[in-house]
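Structure, as structure tokens:
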Amino acid sequence: MDRWLQIILLMPEDDFITNKQLAQALGVSNRTVYNDIDQLNQVIKDKGAQLITKPHYGVKLQVTDQGKYHAFLRSLEADAVTVGDSTETRVNKIIEKLIQADGPIKMDDLGDELYVSRSTLKGDLKKARAFLDGFDLQIDYRSYAGMSVSGPEKNLRRCLAKIEENMIANDGSFLSGDMDNLSALLKETFKRHNYKMAAYSFRNFVVHIHVSISRIRQGKAIALVYHEQNEEDMQLRTLAEDIASSLERAYGVTFSRAEFQYLLLHLECKQLVSDVSEAIISSDVYEITTRMLKEVQTAFHYDFQHDFELVTNLSVHIVPLRLRLLYDLPFENPMAAEICEGAPLAYEMATVACGVLTQLYEKRVPADEIAYIALHFNVAIERYKKKHKKNVLIVCGSGKGSAMLLTYRIKEEYGKFLNVVGTHNSINLSEVDFGNVDYVLTTIHIKEHIPVPVIEISKSFFMGEERSDLQKYFQNNRRETLMQYFSENLFLSHLEAESKEAVLKKLCETAAANMEVPADAFDHVMRREALGSTSFGNYVAIPHPDRPMGQESFVVTGILDKPVLWDADEVQIVFLIFMKAGGDRNLQLFYRSVSRFLSDKTLVQRLLQNQTYEELIAILESLSYELR
């Protein structure tokens, strides 16, 4: 929103407001507010209003003609005048002006153009530099000449596209004017070639093409990119040729060989395969997918290598992903934060799997891309859960008919969670192989020792009267399983640390003092951190070594009084997981509980305010009972 309009909206009716209050609300200096008020007063004096200033009181808006004044407000909103922008809008404009300028711009000239003071401009430039860092771009300053942005043309275009997307988002709409026409042209061309692109990808593509047309007109050439195409890509090349020809006719530009390749790469990186069964997966892509799934199996003891649906979907996704990595064309994921918080186990699996891509292409996979991969793993986990139900053996002493009835009741009531692997009478249980049995359900008391939990049920279960008791048993079993990961010796409160590394070092030292872990455990934890952030938002991080180790799974919990920077997030609660060698089938229960925890801001604040082991256990117990 325009800053002049913001100033007017911040004015209380028939009352004074100080320059300091306005400056704080707008995020600018007092001097900038003073200049704005002076300039705004010159404009509105003929528009039915005036700003009255009074020493020690501030400034007050006085309306003398309501009709003129409201007409002026409507024009102010419609015209979106360049003066008085918000901080975010100013930063976007500063970057855009510095990139699009033919030469360096002096600071005073830039400040005058944006109607801000030198001190405000300095603060905006600091934010601009941080924004440009994300695109490997820098602001160069030359004495007596001014400032300019330097970096590869490809990065400059990515930056300009992001700025346009920000402006579109702030404006609340997507396309207007020339971009609306561009969108229609591209949609019609896609339709002719039966090419499909996801809606969000299409919006991003339109913005990138809009930026490319502008840069071509300015004579800003992109570097030639060498990209060897497969024969299967020739259909896509034909589409690119059609788009280039249409754009040349419509906008009076010429696509060089380099510009054509840049266009083609964007198409390849954003292509949507609507029918996975029609996808062609090359042997090298299949090998990459297999390596990724092996890494996940090593780290989490989940064997997805025979999940054909996951293998196929992951392979299809990798084809454009590796191009985006190779040519530094990252793809934004608007749901990344929600995926990270809502599916932490899937996100962890995706991060470990993407470590293979990092090794192959020497490019760290962005968090947005990891989140897309996590969606595939999340669906695979749900399939895995359905296939890997808890196996129960039914022991019944009153005959085969009763055993069959009990089997039917179990399947009817608990078929989603339990799988009946067989029935047995009460005699010779020592002969039973319990290797594939998780529980024994019995209608009689079993005296002999067997290596799995035994649940005794009465005849009332046949009438449905004992269902709640059995449900309660499984709830208690989940609680006990979850609690096995935690102990008071592995709980650290009111931690003081200045960095992520310092926190992890203290937690690893605590693990070594209380459990059997390798001497280089900290090194393995840091290797995992190198793959991608283990912060999941809401001040919670879930780090772990890059591979299972030791004889027992456990969690070291650390809570800090002051948050530390964990890559791009602030973190105060850390759950450092050590998974035992050979894997742990119950680890999913931990992630499901922590997922509920980190998505609940009230529970997070509750633990931060009462940093005790008892409070942690109380929270986790309540979460375990909620799980289904």
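Among L125, I139, I105, whose Cα projects farthest towards the positive end of the dipole of segment 92-141, with charges put on the beta-carbon of Lys, Arg (+1) and Asp, Glu (-1)?
The one lying farthest along the dipole's positive direction is L125.
Assuming R0 = 22 Å, what is the FRET efficiency of K20 and T87, from their Cβ-Cβ distance, to the nearest 0.05?
0.85
Just check segment 549-628 against the gyration tensor rule for me: Cα atoms, a ≥ b ≥ c as the square roots of the eigenvalues, rounded for a/c under 1.5, and otherwise prolate or oblate depending on whether a/b exceeds b/c.
oblate
If you count only protein heavy atoms with a 1.4 Å probe, what accessible area per residue comes out for segment 322-399, rounded to a whole Å²?
40 Å²
Looking only at segment 539-628, where both bridge partners belong to it, what percent of the DSSP beta bridges are antiparallel (to the nearest 5)?
The antiparallel proportion sits near 80 percent.
Give me the net charge for the shell around M197: Cβ to Cβ below 10 angstrom, other residues only, Lys and Arg +1, Asp and Glu -1.
Working: positive: K187, K196, R203, K270; negative: none.
Residues near M197 contribute +4 overall.
H301 to K126: FRET efficiency via 1/(1 + (r/R0)^6), r the Cβ-Cβ distance, R0 45 Å, to the nearest 0.05? Mind dumping the intermediate values first?
Details: r = 47 Å, r/R0 = 1.04.
Between H301 and K126 the formula returns 0.45.
Report the extension gain between D328 and Q50 in nm, rounded to one decimal, defined as 0.36 nm multiplied by the number of residues separating them, less their alpha carbon distance.
Contour length minus Cα-Cα distance gives 94.8 nm.
Suppose R0 equals 60 Å; then what is the FRET efficiency for K386 and M107 from their Cβ-Cβ distance, rounded to the nearest 0.05?
0.45
Between R291 and D133, 0.36 nm times their residue separation minus their Cα-Cα distance comes to what?
53.6 nm
Taking H as built 1.01 Å from N, whose amide H comes closer than 5 Å to the amide H of S117, not counting residues under 5 places away?
Distant-sequence amide H within range of S117: T32.
Kindly write out, for segment 258-266 in residue order, the coupling ³J(HN,Hα) from the Karplus curve 6.51 cos²θ - 1.76 cosθ + 1.60 (θ = phi - 60°), rounded to whole Hz, with x marking Gly and Pro.
5, 5, 5, 5, 4, 4, 4, 4, 4
Pop out the carbon and sulfur fraction of the accessible area of segment 257-383 as a percent, whole number, probe 1.4 Å.
Answer for segment 257-383 is 54 percent, counting heavy atoms of protein chains only.
Quick check on packing: order 612-624, 439-451 by the mean number of other C-beta atoms within 10 Å, highest mean leading.
Listed from highest to lowest mean packing, they are 612-624, 439-451.
Extension gain N181-Y34, at 0.36 nm per residue separation less the Cα-Cα distance, in nm?
Separation in residues times 0.36 nm, less the Cα-Cα distance, equals 48.7 nm.
Between segment 130-145 and segment 339-399, what's the alpha-carbon centroid distance in Å?
41 Å
Sorted by mean Cβ packing within 10 Å, highest first, what order do the peptides 504-512, 492-500 take?
In descending order of packing, they fall as 504-512, 492-500.
For segment 470-628, which whole percent of the accessible surface, found with a 1.4 angstrom probe, sits on carbon and sulfur atoms? Before the final figure, lay out the partial values.
Details: 3090 of 6870 Å².
Roughly 45 percent of what the probe reaches on segment 470-628 is carbon or sulfur.
Given a 1.4 angstrom probe, I'd like the percentage of the accessible area of segment 110-161 that is carbon and sulfur, rounded to a whole number.
Roughly 49 percent, rounded to a whole number.
The values are calculated or read from the model by the stated rules, or taken from the named source; none is laboratory data. All figures in this text were calculated on a predicted structure; none of them were measured in a lab. Ideal geometry is used to build each Cβ from the backbone, glycine not excepted, and the neighbour counts take in all protein chains shown. Ligands, DNA and RNA are excluded from the accessible area calculation, which covers all protein heavy atoms including side chains. Shrake-Rupley method; radii C 1.70, N 1.55, O 1.52, S 1.80 Å.
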